[in-house]
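Visitor: What follows is a structure written as structure tokens; I'll ask about it next.
Read-outs: derived from the displayed coordinates by stated rules, not from any lab. Just so we're clear, the structure is a prediction, and the values are computed from it rather than from any experiment. All Cβ positions, glycine included, derive from the backbone under ideal geometry; neighbour counts span all protein chains shown.
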Amino acid sequence: MNRSNCSFSELRSSPAFTYFTFVYLGLLLALGLPLNGLALWVFCCRLRRWTEAHVYMVNLAVADFCLLCVLPFMLYSLKDHSEDTPFCQVSQGIYLTNRYMSISLIVAIAVDRYVAVRHPLYARGLRSPRRAAAVCVVLWVLVMGSLVLRWLLREQEGGFCFSNRSRHSPYTVAFSLLGFYLPLAVLVFCSLQLATALGQRPDTDSGQAEATRKAARMVWANLAVFLVCFLPLHVVLTWRLATGLNTCAIHDALHITSKFSDANCCLDAICYYYMAREFQEASPLASLPTAKAPKSQDSVCMTLS
């Protein structure tokens, strides 16, 4: 049983906070639509050859579009408290699907890179675009199936259409934490292994050394995006589950960190340009005058993408 209850939050009821939230979500919508639209157009229309990373990134872009599609309804709900209707529940389901599909796909990309770099002989038999597509199908089914199960049990995690505090149960919080900390452990392991492997590579020339440094920075950047977007929310959920508190401060922290996690729809799109060499070549940005990458740098990029 919760130790205390929050029926009114001064922070979330203040006009300044509401205005800031509107501006923040509006910026995500304005940036996310063109960025992810460009990513999907390049991946689906401009790339000549599909790789495992491209399959994962297309699915990641689709998941981000799902979040962008429900942002207008989120903005509406901030102004007029929406009732718990089936349409609102579907919107919330799409919102949660984006969050945990993003987590799952980021980890899948890290595992794919780990296999390619640390186990190159096995990678030839394990990695293929077709198998990457099969992994994505399994992830979509698992994530959406879990959300349907929670909807049938009427134990939603909560959000812009689920303000009923009684639905916040330890079961759903524990489910959310499992869906984050287990992938986090896998991602940290793969990132450390990749960084170690890249650091041990011999530098045959200056181009190879620069390519290795860029690849290592890309690995750490992907881990940083994951932590910045998703760690604060799940730290608050962990604290809530451990203490059993249901105060206004906890709800305010959940609200803020949940919106903070929405930034992944823009940060993912920015990462696309650096994650795939072919994306850089096919993107309209490639027409800008830039120096051509050395051949040694291409080999490292192809290994990671």
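Visitor: Return the distance in nm (one decimal) between the two label points of a simple spin-label model at VAL138 and ARG213, each offset 7 Å from Cα along Cα→Cβ.
Guide: 3.9
Visitor: Right, another one. Computed FRET efficiency, Cβ-Cβ of ALA195 and ARG130, R0 25 Å: what is it to the nearest 0.05? Walk me through the numbers before you get to the answer.
Guide: On the way: r = 29 Å, r/R0 = 1.16.
Step by step, r from the Cβ atoms, then E = 0.30.
Visitor: Just to verify a number: FRET efficiency for ARG118 and ARG49, C-beta to C-beta distance, R0 = 35 Å, to 0.05?
Guide: FRET efficiency, ARG118 to ARG49: 0.90.
Visitor: Further, regarding this structure: With each pseudo-label sitting 7 Å past Cα toward Cβ, what's the TYR181-THR18 distance in nm, one decimal?
Guide: 3.7
Visitor: Order of CYS265, CYS271 from fewest to most other C-beta atoms within 10 Å?
Guide: Values: CYS265 27, CYS271 20.
Least to most surrounded, the residues fall as CYS271, CYS265.
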